[in-house]
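Working notes, beginning with the structure itself.
The values are calculated or read from the model by the stated rules, or taken from the named source; none is laboratory data. Not measured: the values here are computed from a predicted model. Cβ atoms come from the backbone with ideal geometry, glycine included; neighbour counts cover every protein chain shown. What goes into the accessible areas is simple: the full protein's heavy atoms, side chains included, and nothing from ligands, DNA or RNA. Shrake-Rupley method; radii C 1.70, N 1.55, O 1.52, S 1.80 Å.
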Protein chains: 2
Amino acid sequence: MIAANNPSLKSWVEVPPNSDFPIQNLPFGIFKTENLSPRVGVRIGNYVLDLKSLFVLGYLENTPFELSDFESPFLNQLMKTGKEGIRQLRNRISKLLNVNQKDLQSKQHHLEQVLIAIDNVEMCMPIQIGDYTDFYSSKEHATNVGMMFRDPANALLPNWLWIPVGYHGRASTVILSGQNIHRPKGQIKPNPEDNPIFAPSRMLDFELETAFITFEGKALGDSISTNEAEEFIFGKCLFNDWSARDIQSWEYVPLGPFLSKNFASSISPWIVTLDALQPFKVSGPIQDPAVLSYLEFEGEKSYDIHLEVLIQPEEKTESVICKSNYKYMYWNMSQQLAHHTVNGCNIRCGDMMGSGTISGSTPDSFGSMLELTWKGTKPLLLNDGTERKFIQDNDTVIMRGYCKNENVRIGFGEVKAKILPAK
Amino acid sequence: MIAANNPSLKSWVEVPPNSDFPIQNLPFGIFKTENLSPRVGVRIGNYVLDLKSLFVLGYLENTPFELSDFESPFLNQLMKTGKEGIRQLRNRISKLLNVNQKDLQSKQHHLEQVLIAIDNVEMCMPIQIGDYTDFYSSKEHATNVGMMFRDPANALLPNWLWIPVGYHGRASTVILSGQNIHRPKGQIKPNPEDNPIFAPSRMLDFELETAFITFEGKALGDSISTNEAEEFIFGKCLFNDWSARDIQSWEYVPLGPFLSKNFASSISPWIVTLDALQPFKVSGPIQDPAVLSYLEFEGEKSYDIHLEVLIQPEEKTESVICKSNYKYMYWNMSQQLAHHTVNGCNIRCGDMMGSGTISGSTPDSFGSMLELTWKGTKPLLLNDGTERKFIQDNDTVIMRGYCKNENVRIGFGEVKAKILPAK
């Protein structure tokens with residue numbers, strides 16, 4: 001077992017019951033305050049541990065890191081040490097925060113420097129993303145989309161059960177939770193018989209996803225096997241792959257989604273390490289037909305992550321509109337990474353790979369408005385009595401995710417953004 | 001007229017007749033030598049001008065640049081000054097190299113430092129590419145592909161005449177001319193009735209393209225109009241968008257090409273500024289139906305760039321297999337950039353955008369083996385007597401491009417790469 005995962009650990013930092021961030025989590029992020037420039041932080045309860053100050057005070061000696069790793073405005077530099085370096089760092093922090101360790105706990109003047117209340121920090125983009133890839137790995141989602149847009153009798157395309165289908169997205173428009181988004185404009189065809197018009201999207205949607213962040217991979221020309229893949233994955237966050245369905249349906253044949261997606265994609269600020277998620281490994285669905293040999297894998301490669309989506313209309317309460325789980329995904333991250341590199345494509349430190357929309361088998365577990373309202377034909381009723389076919393101006397969409405067993409809850413916090421009217 | 005474009009200019013640096021790099025070109029690149037670390041260079045004739053040394057010697061005073069701009073291993077930092085800064089720099093260099101200017105010309109000890117024979121340098125990747133987008137803007141190419149893979153009677157998809165269709169590619173696998181490439185492996189279906197197999201691609205192809213490189217754009221949420229677009233374009237290079245047709249045809253529905261493209265994409269080392277291409281502006285094809293208003297533009301927005309593709313089998317002579325021209329493209333760069341940002345998508349300094357395969361209307365102008373051999377049904381005969389349906393192991397593919405009028409020739413040099421056997 002990874003030392004920092006021990007379920008019996010307790011911290012001297014107060015962690016509220018049901019917090020996403022107990023001492024067994026310790027996710028990494030970038031934060032700033034009125035007085036502190038952007039730097040690396042680790043979340044514990046409702047506090048952020050300032051790793052730069054911790055390093056300066058000498059608490060991170062004998063780890064493979066330098067000051068510049070912690071005062072960098074992105075986690076990429078820290079991640080250059082790879083899986084082993086990050087594991088060492090997380091174990092060290094776990095030790096420092098352990099209720100039985102007095103080193104840091106007993107030094108009030110140090111605590112004032114290194115521990116900052118979450119309400120006093122502003123979170124920043126955690127990663128300088130190199131390339132962003134999005135997969136399409138939920139069988140239920142792919143089937144739903146196929147039923148609506150193609151042939152209900154042959155909803156799943158012939159390649160879907162063979163290939164962890166994916167495509168390239170735009171890295172420049174991946175933004176942090178909390179940054180609001182103007183409704184995108186583009187070519188749409190409200191009447192299929194007429195010519196397209198240029199107008200704000202009328203079918204603005206979210207996609208409930210998670211994303212993983214990679215360490216530096218192998219050289220161009222080499223591949224990463226399914227059994228090696230986890231060594232190249234730093235951690236995960238929540239991911240809302242915003243989608244304009246009307247722009248998408250007109251543009252996507254034959255080269256895939258483009259402007260319907262690249263106006264904005266939101267991520268949650270804390271990267272939960274794959275190590276922290278280790279206790280929640282589960283088997284994914286049975287894969288039938290048998291996959292080609294380069295996609296075969298050993299052991300449990302999926303994760304039991306509860307996910308939910310909420311809509312909050314302007315100045316109203318939230319309504320939960322979807323409850324799903326990452327474990328429903330047909331293709332796992334190790335298969336996605338093995339497939340992505342099987343042609344020799346290289347991955348770099350800080351690449352991001354989205355899971356694809358995470359839908360379950362029941363209608364309340366569908367991960368997009370497109371599916372939840374079945375293309376707008378079954379509007380959702382919100383707590384405030386209003387209906388939604390798609391996302392309206394001034395709606396805030398919130399996604400939350402957490403793992404939980406009898407001992408511990410490891411959460412991601414949330415990703416949220418409000419849709420502003422088109423510019 | 002831009003001062004550096006004056007066709008009557010002559011340089012004291014010898015420029016061979018028919019060189020791609022007269023004093024009216026002055027493209028930017030990154031080079032290194034045995035003794036010099038990677039840095040910014042400008043090409044003239046068969047020499048590279050070392051801008052770092054030129055700066056240190058004081059020849060670039062009163063330009064908006066610092067030493068670090070020239071000793072950077074990528075052009076991105078230099079490009080932060082935008083169109084105006086680069087124009088100033090190119091004009092200054094033009095002046096220094098002018099046969100009538102003695103400043104640099106007369107100082108032999110300076111010349112030895114700043115002017116390096118091309119045979120003594122190694123070229124490096126010129127740009128740290130943020131996002132890479134590829135368009136699909138040749139009507140002839142899109143029609144040919146549609147005829148082969150879809151419906152010959154309705155070859156062009158309904159959206160093609162309305163949208164400058166594009167998709168996101170992978171930035172990490174854009175490589176420099178001269179770097180060889182292993183034949184990619186992937187899922188292919190040699191027999192459409194059978195299950196897919198995992199094997200080296202049997203239908204490896206090139207795509208003749210050019211690419212443009214952007215300056216920093218506007219903020220996320222804002223758009224760049226067709227009339228503003230050229231202010232955001234630094235320059236162009238040659239681009240070979242390598243494609244594995246058998247992997248592509250199995251994977252591309254519904255999300256577009258992925259592993260069939262992202263094993264490698266080759267660019268030429270010199271970025272020819274849009275300023276240098278200015279004398280070769282021409283009108284593109286008439287666009288019918290009329291485009292939507294955000295795609296309307298004024299003036300000539302295409303460029304008359306002669307392009308050719310050659311195959312050189314191992315230890316044999318080259319065969320020219322395609323002669324095309326950039327001016328055939330239906331959608332121009334200004335429209336591509338306006339479309340790309342019309343939903344608020346931001347572009348950054350160093351983004352790269354491919355034109356899409358550049359095919360003309362005659363069979364000898366088709367920009368890919370797929371089209372030249374009509375899916376392998378009409379093999380090409382090479383000079384050495386061998387035939388090609390697609391690219392074989394140890395074949396080198398070379399692309400060249402240049403503009404030419406009665407006064408001057410502005411060229412791109414070449415992009416080439418050899419295909420090595422699968423690993």
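Which three extents, in whole angstrom, do the alpha-carbon atoms of the stretch A:132-420 cover along their principal axes, largest first?
Computed over the stretch A:132-420, the largest-to-smallest principal extents equal 48, 45, 36 Å.
Under a crude label model (7 Å from the Cα following the beta-carbon direction), how far is B:Ser106 from A:Leu420 in nanometres?
Taking the two extended label points, one gets 5.9 nm.
Using a 1.4 angstrom probe on protein heavy atoms only, which residues from the stretch A:231-264 are buried by at least 50 Å² of accessible area when all chains are present rather than their own chain alone?
Residues passing the criterion (a loss of at least 50 Å², heavy atoms only) are A:Trp250, A:Pro254, A:Leu255, A:Phe258, A:Leu259.
Counting other Cβ atoms within 10 Å of each Cβ, which GluC sites (Glu not before Pro) in the stretch A:289-371 have at most 12 and sit in a DSSP loop?
A:Glu298, A:Glu314, A:Glu315
Which percent of the accessible heavy-atom area of the stretch B:221-263 goes to carbon and sulfur, probe 1.4 angstrom?
49
I'd like the interface area for chains A and B: accessible area of each alone minus the complex, both sides summed, 1.4 Å probe, protein heavy atoms only. What is it in Å² to the nearest 100?
So the buried area, both faces added, is about 5400 Å².
Please report the projected area of the stretch A:166-227's Cα convex hull averaged over all directions, in nm².
Mean projected area for the stretch A:166-227: 8.0 nm², to one decimal.
For the full complex of protein chains and a 1.4 angstrom probe, list A:Lys10, B:Lys189 by accessible area with the highest value first.
Largest accessible area first, the residues go A:Lys10, B:Lys189.
Need the C-alpha centroid separation for the stretch A:191-221 versus the stretch B:71-112, integer Å.
Spelled out, the Cα-based centre of one part sits 42 Å from the other.
Just to confirm my numbers, what's the Cα centroid distance between the stretch A:266-311 and the stretch A:363-423 in Å?
21
Report the local net charge at A:Asp384: Lys and Arg +1, Asp and Glu -1, summed over other residues whose C-beta lies under 13 Å from its C-beta.
It works out to a net charge of -3.
For label points placed 7 Å from Cα toward Cβ, what is the shortest-first list of nm distances from A:Gln108 to its copies?
7.8
What does DSSP give for the stretch A:169-271 in terms of the percent of beta bridges that are antiparallel, rounded to the nearest 5?
85
Within the stretch A:3-124, what whole-number % of the accessible surface is contributed by carbon and sulfur, with the 1.4 Å probe and all protein chains included in the calculation?
The nonpolar share, carbon plus sulfur, comes to 46 percent.
Step through the residues of the stretch A:118-127 one at a time and calculate ³J(HN,Hα) from phi using the Karplus curve (6.51 cos²θ - 1.76 cosθ + 1.60, θ = phi - 60°), rounding each to whole Hz and writing x for Gly and Pro.
For the stretch A:118-127, the Karplus-derived couplings read 4, 5, 9, 10, 10, 7, 10, 4, x, 10 Hz, x marking Gly and Pro.
Tell me, which residues of the stretch B:341-379 get at least 20 Å² less accessible area when the other protein chains come in, versus the chain alone (1.4 Å probe)?
B:Val342, B:Asn343, B:Cys345, B:Asn346, B:Arg348
Taking accessible area as the heavy-atom solvent-accessible surface of the protein chains with a 1.4 Å probe, which residues of the stretch A:196-212 lose no less than 50 Å² upon going from the isolated chain to the full protein assembly?
A:Phe198
What are the nm distances, shortest first, from A:Pro190 to its equivalents in the other copies, labels at 7 Å along Cα→Cβ?
5.4
Of the trypsin sites (Lys or Arg not before Pro) in the stretch B:31-109, which ones lie in a loop per DSSP and count no more than 10 other C-beta atoms within 10 Å?
Hits after loop and neighbour filter: B:Lys102.
Between copies, how far apart are the A:Glu296 label points? List them in nm, one decimal, shortest first, with each point 7 Å from Cα toward Cβ, please?
Distances between equivalent label points, in nm: 6.3.
Under a 10 Å cutoff between Cα atoms, tell me which one of A:Pro285, A:Pro126, A:Pro254 has the largest fluctuation in the Gaussian network model of chain A.
Ranking A:Pro285, A:Pro126, A:Pro254 by mean-square fluctuation puts A:Pro254 first.
Going through the stretch B:135-170, which trypsin sites (Lys or Arg not before Pro) have at most 14 other Cβ atoms within 10 Å and a DSSP loop state?
Loop-located and lightly packed - B:Arg150.
Summing -39500 (n - 2.57) over the DSSP H runs of n ≥ 4 in chain A and dividing by its residue number, what mean residue ellipticity at 222 nm do you reach, to the nearest 500 deg cm²/dmol?
Calculated mean residue ellipticity at 222 nm is -4500 deg cm²/dmol.
Closest approach to the A-B rotation axis by any Cβ of A: residue and distance in angstrom?
Reported as residue, whole Å: A:Gly256, 1.
Can you tell me the mean projection area, over all orientations, of the convex hull of the stretch A:89-207's alpha carbons? Units nm², please.
If you wrap the Cα atoms of the stretch A:89-207 in a convex hull and average its projections, you get 13.6 nm².
Taking the full set of protein chains and a 1.4 angstrom probe, give the accessible area of B:Ser68 in square angstrom, rounded to the nearest 10.
For B:Ser68, solvent-accessible area is about 40 Å².
Can you work out the accessible area per residue across the stretch A:150-208, with the rest of the protein chains kept in place, probe 1.4 Å, in square angstrom?
38
Tell me, what is the percent relative contact order of the stretch B:3-124, built from C-alpha pairs under 8 Å that lie six or more residues apart?
Computed over the stretch B:3-124, the figure is 31 percent.
Got a sec? Charge dipole of the stretch B:161-320, +1 on Cβ for Lys and Arg, -1 for Asp and Glu; which of B:His168, B:Ile181, B:Pro200 is way out at the positive end?
B:Pro200
Hey, rough spin-label estimate for A:Lys80 and A:Ser8, points 7 angstrom out along Cα→Cβ, what's it come to in nanometres?
So the two model labels end up 4.0 nm from each other.
Let me check I have the definition right: for the stretch B:178-273, take the eigenvalues of the Cα gyration tensor, multiply each by 5, take square roots. What are those semi-axes in whole Å, largest first?
34, 18, 9
In the protein assembly as shown, how does Rg compare with the Kirkwood Rh, expressed as the Rg/Rh ratio over alpha carbon atoms?
0.98
Please work out the FRET efficiency for the pair A:Asp119 and B:Arg150, using the Cβ-Cβ distance as r and a Förster radius of 56 Å; give the result to the nearest 0.05.
Working from the Cβ atoms, E equals 0.45.
Please calculate how many Å² of accessible area the stretch B:11-59 carries per residue, with a 1.4 Å probe and no DNA, RNA or ligand atoms counted.
That works out to 35 Å² for each residue.
So how compact is the stretch A:26-154: Cα radius of gyration and Dmax in angstrom?
Considering the stretch A:26-154 through its Cα atoms, Rg and Dmax are 19.9, 68 Å.
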